[in-house]
Amino acid sequence: MRRGDVSVVVGTRSAVFAPLEQLGLIIVDEEHDTSFKQEETPRYNGRDVAIVRGRNERALVVLGSATPSLESSQNAASARYTRLVMERRVQDRPLASVSVVDMRQEYAEHGPGVILSGRLKNAIAKRLEAGQQSLILLNRRGLATAVFCRQCGGTIECPNCSVSLIVHTEGRDRHRARCHYCNYGTLVPKACPACKGPYLERRGFGTEKVAQEIETLWPAARVARLDRDTVRRKGAAADILRSMAAGSIDVLVGTQMIAKGHDFPRVTLVGVVSADVGLGLADFRAAERTFQLLTQVAGRAGRGAEPGDAIVQTIYPHHYSIELACRQDYGAFFAKEIGYRQAMHYPPLTAMVNIVVKGSDARAALADAAALAQHLRTNAGVGRFTVLGPAPAPMAKLRGEYRAQIFLKGSHRPSMREAVLAALAAEPEMRRRVSVDIDPVSIL
């Protein structure tokens, strides 16, 4: 590359640092994707680095997405970027027809155990009969999302993280409860570890349970699953996608991995189970991510000669992110969401810094965070930025460490950066236990 023997480089986020001497064009595809942000040190956002490198080397930068991040759309609205819109699909194919199923009615009629609505089951059966393919999205892995004791009301939780363990099938008749953050696992017990009561029940469901449901309803159907559990083996994801492209799979069940840019002409149905699963997260970007995921996955249907349908199951059919995703109306969503961000002083209309202080004890972590916050408030100045916290992080314990959180919100980035550096300099023994994330893509 450095010698100039290569004229085109394709890669993941680190490719933005490719040593090309005469750089003329940088394309960031699916620029809204959170995977462009590296969460480990050194933290950087590949999209933002691409913008800076393009400016420094006088290269054209193209950010591509059907659902742009609010940051990029706001930059376009303020004329910092030039906005180009592709008004039509390839060969003028129509967008998928999207309909919503209110699962509250399904639960009222058929009980709380319903996974697939009647409308979605009928649509899958129709595609199987016609020899067409279906994609079923549930952005949650596993067989069950919690093990609940009816006697004491407790759940089986991870000893290292503040989350419930997720049940997965292991072998023919064995089930293991596993943490999706630290990978701790234990066999599902016969009795409650807390009260010893034998009344354990499984609650919730993930992609594994959905695939089992479809296999039970249509035993002859060729069903596959694409999530982190099924792609642990090297090359497994490529094998599944090749089988899907070859028509060897009738129904593919998966997490957000199935929503990202795949082109399967035989897919005429997309079903979304629990479309609202991300709306309950303690993150101001929850509505944006829900809109993006639903819009992207709906776009997988009808990419061939046959028109496509998408069926969205939710208990919040009137939430604006779901309504507007079903209408595939990005403009209306941007207008609604940017109003919310402005009212609450959230990015992209303000800068944000997320500071997490870690410790082996919850009180000690909060005490250290309080000391750091006091330094930050001293350096805040009048109207430069505000300091929120400290408070326990939404994920209060992660991989054996307790976490306390501080937010900085403001419009003057240099003063925010200087205040953070000064606070860390005043507490040097704390530096190894503090992580600082500028423009965080997740605040959990």
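Values quoted throughout were computed directly from the atomic coordinates according to the rules given, and no laboratory measurement underlies them. Note that the coordinates shown come from a computational prediction; the quantities given were computed from them, not determined experimentally. Here the Cβ positions follow ideal geometry from the backbone for every residue, glycine too, while neighbour counts run over all protein chains shown.
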Using the Kyte-Doolittle scale, which helices in the chain average at least -1.0 and also have C-alpha atoms spread 27 Å or more along the helix axis, with helices defined as whole DSSP H runs? none
Ranked by Cβ crowding within 10 angstrom, fewest neighbours first, how are Glu215, Glu40 ordered? Glu40, Glu215
Compute the FRET efficiency between Gln374 and Asn183 as 1/(1 + (r/R0)^6), taking r as their Cβ-Cβ distance and R0 = 30 Å, and round to the nearest 0.05. 0.25
Run through the DSSP bridge list for the chain and note the antiparallel percent, rounded to the nearest 5. 60
Length gain on complete extension for the stretch Arg104 to Arg203, per 0.36 nm per residue less the alpha carbon to alpha carbon distance? 33.9 nm
First check a/c for the chain, with a ≥ b ≥ c the square roots of the eigenvalues of its C-alpha gyration tensor; if it is under 1.5, answer rounded, and if not, answer prolate when a/b is larger than b/c or oblate otherwise. oblate
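Using the count of nearby Cβ atoms within 10 Å as a rough guide to exposure, how do Phe148, Phe333, Phe291 rank from fewest to most?
With the sparsest Cβ surroundings first, the list reads Phe148, Phe333, Phe291.
Using only helices, what value at 222 nm comes out for the chain when you add -39,500 (n - 2.57) per DSSP H run of length 4 or more and divide by the total residues, to the nearest 500 deg cm²/dmol? Provide the component values of the computation, followed by the final result.
Details: 11 runs with 129 residues, N = 444.
Roughly -9000 deg cm²/dmol at 222 nm, from the helical runs in the chain.
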Between Ala237 and Val9, the FRET efficiency computed from the C-beta separation at R0 = 25 Å comes out, to the nearest 0.05, as 0.65
Taking amide H positions as placed in the peptide plane 1.01 Å from N, state which residues far from Gln151 in sequence (5 or more) or on other chains have amide H under 5 Å from it. Tyr199
In nanometres, the difference between 0.36 nm per residue of separation and the alpha-carbon distance of Ser360 and Asp92 is 90.7 nm
Top of Leu63, Leu408, Leu421 by mean-square fluctuation, Gaussian network on the chain, Cα under 10 Å: Leu421
Whole-Hz ³J(HN,Hα) for each residue in region 402-407, computed from phi via Karplus 6.51 cos²θ - 1.76 cosθ + 1.60 with θ = phi - 60°, x for glycine and proline: what do you get? 7, 10, 10, 10, 10, 10
Relative contact order for region 351-438: what is it in percent, counting Cα pairs under 8 Å that are at least 6 residues apart? 43
What nm value, rounded to one decimal, do you get for the distance between Glu40 and Cys195 when each label is placed 7 Å out toward the C-beta? 4.3
Tell me, what is the percent relative contact order of the chain, built from C-alpha pairs under 8 Å that lie six or more residues apart? 15
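For Ala332 and Ala282, what is the calculated FRET efficiency with R₀ set at 25 Å and r taken between the beta-carbons, to the nearest 0.05? Numbers along the way, then the final one.
Numbers: r = 25 Å, r/R0 = 1.02.
About 0.50, to the nearest 0.05.
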